[in-house]
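The values are calculated or read from the model by the stated rules, or taken from the named source; none is laboratory data. Predicted model only: the values in this text are computed from it and were never measured. Here Cβ is always computed from backbone atoms with ideal geometry, including for glycine, and neighbour counts include all displayed protein chains. Accessible surface areas use protein heavy atoms only, side chains included; no ligands, DNA or RNA. Shrake-Rupley method; radii C 1.70, N 1.55, O 1.52, S 1.80 Å.
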Amino acid sequence: MPPGYSITWSGQFEYLERATKKLTLVVPVTLAIIFVLLYLAFRSFTGAALIMVTLPFALVGGLWLLFLLGYNLSIASAIGFIALAGVSAEFGVVMLIYLDHAIAKRRAVNHFNTETDLIDAIEEGAALRVRPKAMTVTVIIAGLPPIMFGGGTGSEVMRRIAAPMVGGMITAPMLSMLVLPAAYLLLHRRELRLRPPAPSRSGIAE
């Protein structure tokens, strides 16, 4: 280029750079706040860590739908993923609450001593979540197609916000109904093995 001339990219690219810098700060802070809230809800580091570790699995469906629709990752899609992460965390919280209640009920009657009791409690707690889970997913999926296929001003941005939610509603329920109970089983199976054997009625350890 001739001396005294320079090129600077401006417009939407400049806005994207500023927003990306803010997201690199906002997203970690948001995840930290979610972890603290989960810890306060469960009073357990294990329960909070379980939800946070399995949470990325819920986002896979959103990534696949963005890929199939040919959308690039943008600020709008990042907002959609943040919303999806919040819904997925809520799914996980409710699932763990049901599983904890099922185990607490069996412990109250001294019927939580073997791995079979643990599996039965997990199946009981997870089964109670099928109907409310199906209702929640149905409502969300029914409400998003008008945004996905609508037109008008701002529709392109709204589609990129809604796409992660639509795709995530496939993997997020699978996360809470399949992955979380399986991980919960692995954690509590280890706890059962570390517990001392329960005494029998005759006073001799079983």
Among all residue pairs at least 6 apart or on different chains, which show Cβ distances below 6 Å where the first residue, located in segment 82-102, is farther than 16 Å from V27 by Cβ and free of Cβ contacts under 8 Å to residues at least 40 places away in the same chain and the second is basic (K, R) and surrounded by 17 or more Cβ atoms within 10 Å (Cβ to Cβ)?
-> Y98/R129
Of H101, H111, which residue is more than 19 Å from I161 (Cα to Cα) and assigned to a loop (DSSP other than H, G, I, E, B)?
-> H111
Find the residue count for segment 153-188, including only residues that are touching a helix residue (DSSP H, G or I) at 6+ places or on another chain (Cβ under 9 Å), open to solvent by 50 Å² or more (accessible area, probe 1.4 Å) and over 20 Å from V93 (Cα atoms).
-> 5
Selection from segment 58-98 of residues that are outside any helix (DSSP H, G or I) and either closer than 22 Å to M177 by Cα or of a type in the set (A, V, I, L, M) (or both) | L59, L73
Within segment 40-66, residues being more than 17 Å from the chain's Cα centre (by Cα), open to solvent by less than 60 Å² (accessible area, probe 1.4 Å) and not hydrophobic (A, V, I, L, M, F, W, C) number 1
Name the residues in segment 124-133 that are touching a residue at least 12 places away in the same chain (Cβ under 8 Å) and open to solvent by 20 Å² or more (accessible area, probe 1.4 Å), would you?
-> E124, L128, V130, P132
Take T114 and decide whether it is more than 23 Å from the chain's Cα centre (by Cα), polar (S, T, N, Q) and surrounded by fewer than 15 Cβ atoms within 10 Å (Cβ to Cβ).
-> yes
Residue, surrounded by the fewest Cβ atoms within 10 Å (Cβ to Cβ), within segment 1-39, restricted to residues that are outside any helix (DSSP H, G or I) and of a type in the set (F, W, Y) = Y5
Complete set of residues in segment 80-103 that are open to solvent by 10 Å² or more (accessible area, probe 1.4 Å) and either of a type in the set (F, W, Y) or over 15 Å from the mean Cα position of the chain (by Cα) (or both) = F81, Y98, D100, H101
